[in-house]
Amino acid sequence: MKERALELLRVGLDRADAEFRDGQWECIEALLDSRRLLMVERTGWGKSMVYFLATRLLRERGTGATLLISPLLSLMRNQLEAALRIGLKAATINSSNPDEWDAIGSALLNNQIDLLLVSPERLANEEFTTRMLSEIISKVGLFVVDEAHCISDWGHDFRPDYRRITRVIEALPKNIPLLATTATANDRVVKDVEHQLGENIMTVRGPLVRKSLMLQNIILENQAERLGWLAEIIPTLPGSGIVYTLTRRDAERVADWLQFKNIAAEAYHSDIENSSESATPLREVLEQKLLNNEIKVLVATVALGMGFDKPDIGFVIHFQRPSSVVHYYQQVGRAGRAVDNAYGILLGGVEDDRIAEFFIRNAFPPQKHVTAILNALSEHPAGLSVPELQKTLNVRKGHLERALRFLTVEYPSPVSKEKTKWQANEFTAQYRINEEYVGKITDIRYAEQRQMQDYMTHRGCLMEFLARALDDPDPQPCGKCVNCCGKLLPAECSRAMFGSAQSFLRRSSQIIQPRRQWPSGNPLPIDKFSGRIKEELRASEGRALSLWRDAGWGEMVFDGKYKDKRFDDQLVMAAADLVRKSWNPNPTPEWISCVPSLREPSLMSDFAQRLADELQMPFIPCIEKILETRPQAEMFNSFNQANNLNGAFQINLDEGSYAPCLLLDDTIYSGWTMTLVAALLRRAGVVAVHPLALSINVGGD
C-alpha cells in the first residue's frame, strides 16, 4: 500500500523523485486504519497531500467519498486543482454555486464524486443541512476538517460556524476515519480541539521552524515611512510576494502607491469579489496573476490566508502588526516553501494597537445587544427581519448579523430563522452570554497582543521566539533572521521617498458617493422624504480630503476638531487645491455653505469662511440647525442615522433658483447628514450641491 501511495504522491507533485516527508505516510496509514487524527504541521509541509492520498486509497477500497470542511474559497480552488492531479473527482458546495447543488448531490449519492469540499458556513444553511447533509453523512468514507484551530474557542481565528462541525462529527458512524489539520495551534488550542473532536484522537505534531525564512522586524510608525520603505525595497527582493494589511482601505491604498511607483501590484480583499464583471471571479484572477508571476506583489488582507499555495513566494511583508503570533506565523509561512531563502518582514506602525483593540472589542456581541435583540424578537411573535430590527434597535447591521449568527450556534439556541424573519425560541428568556467565558477569551487576546509587542522588539532569534510561542517541541535558533546574522534589509527609507509618500497620502482624497434611497420605514416624516431620492433632490458626487486619523491629513483633522478647536490653514489650502486641481466639480460651484453644529458653532463656519476667501467665492451660512441631536457617531444603522436628523435643519433662503454650491462638513460618519442637507438645499432651489468633507470615518453603515 505504501508503494501505491508513493506512486500517487509522485504523480500529484509531478516529481519522479518525490519522497514522503517525515510523518506523512504514517498519517495516511492511520486514516486507512480508520483512526481519528489531529495533525499539527507547519505551512507547506503537505497536509493536503495526506487527505488527498488517503481519499484515493480509500476510494480504491470501495469506501464512500471524503467530506472536507474548508474555510475559504481560495483554499477550495487550490485544493480542487491538486485533487485533479491524482485523479480525484472533486466538487465544491458554496455560496457561489447554488444552482449546482442538486446535480452535485445526485452525483455524490450515485458514487460519482470522490471529494466534496464544503465551507463551514454551509453548515448554517438549513437548505443544505436538510436537503443534502442528512442524506450523505452516512455515506462518508473520510471526514476532514481543514484549519481545525477555528474549532477552538481559544484559537486565534475562532469562527462561530465551526461549532457546528462537532455536531456533524457526533452524527458520523464511529468507524469512519477523521482528520483535522492545522499549522497554527499551541498547546492550549490543541487540547481544546482534541476535546471537541471526541474520544480516541491521535495527535501528531511536527517542528514548526521554517528554515528558508529570513525574519526581520522594523518599526516605522508613520505610514508615509512604511510606504516609502516598500517602494524602495520591494524592487530589490527576489521573485514575487505578498504585502499584508489589516484593513481593506489600506490594501487599496498601498497597492495604489506601489502602482504609482511603477511596481506591478494589485489589491486583494473580501470586497473585490463583487466588483468583477468577468465570468471568472476577480479574486481568482488576482491569485492566478500572483501564481504566474504576472505581478510583483499582491497587497492583501487576511482574505488571502489559509491554504493559498505558491511554493516560490520570495517575500511576505506585513504593513501592520498582526494581533497574534499565530496569525503572523500563518501568514509569513506563505513564503519560502520551495526556495532556499525568502524574506519575512514585519513593519510596525502607530495604528497597530488601535486596530488590534478594535478587533478584540468586537470579537463577541455585547450583552446589551443580545438582550435588545432577544427582547425585540420576544415582543414580535411573527418574527423580525434584520431591516426591521434596525428600525427597532440602534445597532449596526453588521453587528446585528454577527450577534444573530453567534446566537444560532449556541446550544440550545435562543433564536431561529424562518425565511427572512428571526424569531425567539422557548429558551430566549433564560439565555445569557457566558461572561466568564468571554472574559477569559478576551484576556487571551490581550495576552496575544502583548506577545506580538514583545516579538516586535525581541533581540534574540525571531524564529525561535515564534516556535516557543507556538509550543514547538524543539525550538532552535534559525541562524538566518536579522538578530542571528546581524543585518538583512535597510531599516528606513530615503528622505526623498518619504516626502514622495507623504505627498501621495495628502493627495489621496476619497470619493463620496451620493445616496440614492432613503432608509425604509419613513424615518424622516417632518422633512417628508421617503423612498427613492429623486434626482432633483440628490447630492452630486463629493470628495473627502482624508480618512479619519490617517497619515495624510486625517490626523490633522482629528487634532483640529478635538484638540485645537480650529482647523489648520494647511487644511484650507489642501481643500482649495482639491477643488481647483484634482476634483473640478461640475457644474462649477459659485458659493459655499456648511453643516452647522450647536455644540461647536464656530468650528466649520470659520473653516468655510477661510476656504471661501481662498477660492474667491462667497460663504453663505444659510443652513440652520434648529434641533439638538445626538452625534451621528452614536447612531449605528441607516434608519437611526436618518431618523436622528428628522426636522433638525432648515434652509434660510428665499424661494428662487440658486447657483451650484460647495457643502462643507468636518467628518462624514454615515453620509446621511450631507444627504439630507443637500436634499433640503435642492428643494430650496439650489441647482447642484457638491459635498466636501475634511474626513471620512468608516464607522457608519
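Only the coordinates and a few stated rules stand behind these numbers; no lab work does. Worth saying up front: this structure is predicted, and the values here are computed from it rather than measured. Reconstructed Cβ throughout: ideal geometry from the backbone, glycine too, with neighbour counts over all protein chains shown.
Each Lys or Arg adds one and each Asp or Glu takes one away; over the other residues whose Cβ falls under 14 Å from the Cβ of Asn175, this sums to +3.
Suppose R0 equals 25 Å. What FRET efficiency, 1/(1 + (r/R0)^6) with r the Cβ-Cβ distance, do Arg495 and Asp559 give to the nearest 0.05?
Taking R0 as 25 Å, the efficiency between Arg495 and Asp559 is 0.55.
The stretch 332-357 and the stretch 528-578 have Cα centres separated by 33 Å.
Over the chain, the alpha carbon radius of gyration divided by the compact-protein estimate 2.2 N^0.38 Å works out to 1.06.
Residue separation of Lys191 and Val204 scaled by 0.36 nm, minus their Cα-Cα distance, works out to 3.4 nm of gained length.
Computed over the alpha-carbon pairs of the stretch 507-696, the distance histogram in 10 Å steps reads 9, 39, 38, 12, 0 percent, short to long. Over the residues of the chain, the helix contribution to mean residue ellipticity at 222 nm works out to -10500 deg cm²/dmol, using -39500 (n - 2.57) for each DSSP H run of at least 4.
As a ratio to 2.2 N^0.38 Å, the alpha-carbon radius of gyration for the stretch 391-434 is 1.16.
My understanding is that a pair violates if its Cα-Cα distance is over 19 Å; which of Lys191/Lys310; Lys2/Lys211; Lys211/Lys487; Lys2/Lys191 do that in this structure? As for pairs spanning more than 19 Å Cα to Cα, those are Lys191/Lys310; Lys2/Lys211; Lys2/Lys191. Charge tally for Arg532 (other residues, Cβ to Cβ under 10 Å; Lys, Arg +1; Asp, Glu -1): +2. Which log10 I(q)/I(0) values does the stretch 599-668 give at q = 0.28 Å⁻¹ under the Debye formula, counting every alpha carbon as one identical point scatterer? With no solvent term, the Cα-only Debye profile gives -1.34. Computed from the Cβ-Cβ distance with R0 of 22 Å, the FRET efficiency linking Ala382 to Ser520 stands at 0.80.
The simple spin-label model puts a point 7 Å past each Cα toward its Cβ; for Arg599 and Asp568 those points are separated by 2.3 nm. A straight line joining the Cα centroids of the stretch 491-520 and the stretch 584-655 runs 23 Å.
Give me the net charge of Gln112's neighbourhood, meaning all other residues with Cβ under 15 Å from the Cβ of Gln112; Lys, Arg count +1, Asp, Glu -1. For residues surrounding Gln112, the net value is -1. The lysines whose alpha-carbon is closer than 25 Å to the alpha-carbon of Lys581, local same-chain residues fewer than 8 away aside, are Lys261. Note on Lys368 and Gln513: the model spin-label points, each 7 Å out from Cα along the C-beta direction, lie 3.1 nm apart. Our estimate of slack between Glu126 and Ala447, defined as 0.36 nm per intervening residue step minus the Cα-Cα distance, is 111.8 nm. Panel values: the stretch 2-205, Kirkwood radius from alpha carbon pairs, Stokes-Einstein at 37 °C and 0.692 mPa s, translational diffusion coefficient 193 µm²/s.
Counting only pairs 8 or more residues apart or on different chains, how many lysine pairs in the stretch 397-480 have their Cα atoms under 27 Å apart?
Step by step, the pairs that qualify in the stretch 397-480 add up to 4.
Could you list the residues of the stretch 315-334 with an amide nitrogen less than 18 Å from a label point located 7 Å from the Cα of Phe359 in the Cα-to-C-beta direction? Answer for this model: 316-334. Radius of gyration over Kirkwood radius for the stretch 391-507, both on Cα atoms: the Rg/Rh ratio is 1.22.
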